[in-house]
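Data first, discussion second: the structure below is written as structure tokens.
Quick note: the coordinates plus some simple rules give every number you see, no bench work behind them. From a predicted model like this one, the values you see are computed outputs, not experimental measurements. Glycine gets a Cβ as well: all are built from the backbone with ideal geometry, and neighbour counts include every protein chain shown.
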Amino acid sequence: MALKIRLQRFGAKNHPFYRIVVAESAMRRDGRFVEILGSYSPVAKEKTLKMDVARADYWVSKGAQPTDTVRHLIRISRKAS
């Protein structure tokens, strides 16, 4: 079971909202997931990012691979805290 930490898209056309989730790599982008780690809204007046960095570190220690975008968001949330 290969795990990925990736974005799951929600929201309307041209107004995306993302959840940061841990999911099996074989699952679809918006399919089944293991755990929700946070949320990210890139089109709000102020970009909002809420993430549980401790849980992300836990899943990385268990072998989950973050995508490039999520890796960047983890770095941003570490700087903010």
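Can you find even one residue in region 7-17 that is of a type in the set (Phe, Trp, Tyr), touching a residue at least 24 places away in the same chain (Cβ under 8 Å) and within 18 Å of Val53 (Cβ to Cβ)? No, every residue in region 7-17 fails to be of a type in the set (Phe, Trp, Tyr), touching a residue at least 24 places away in the same chain (Cβ under 8 Å) and within 18 Å of Val53 (Cβ to Cβ). Residue check: is Arg29 in contact (Cβ under 8 Å) with a residue 12 or more places away in the chain, loosely packed, with under 11 Cβ neighbours inside 10 Å and not in a helix (DSSP H, G or I)? Spelling it out, Arg29 is indeed in contact (Cβ under 8 Å) with a residue 12 or more places away in the chain, loosely packed, with under 11 Cβ neighbours inside 10 Å and not in a helix (DSSP H, G or I). Of all residues in region 18-54, those that are farther than 20 Å from Arg71 by Cβ and within 13 Å of the chain's Cα centre (by Cα) total 1.
From the list Phe17, Phe10, the one residue that fits, being touching a Ser or Thr at 6+ places or on another chain (Cβ under 6 Å) and surrounded by 13 or more Cβ atoms within 10 Å (Cβ to Cβ), is Phe17. Here the condition is being touching a strand residue (DSSP E or B) at 6+ places or on another chain (Cβ under 7 Å), more than 11 Å from Arg6 (Cβ to Cβ) and aromatic (Phe, Trp, Tyr); of Tyr40, Tyr58, it holds for Tyr40 alone. Considering only residues in region 39-69 that are aromatic (Phe, Trp, Tyr) and outside any strand (DSSP E or B), the one that is surrounded by the fewest Cβ atoms within 10 Å (Cβ to Cβ) turns out to be Tyr58.
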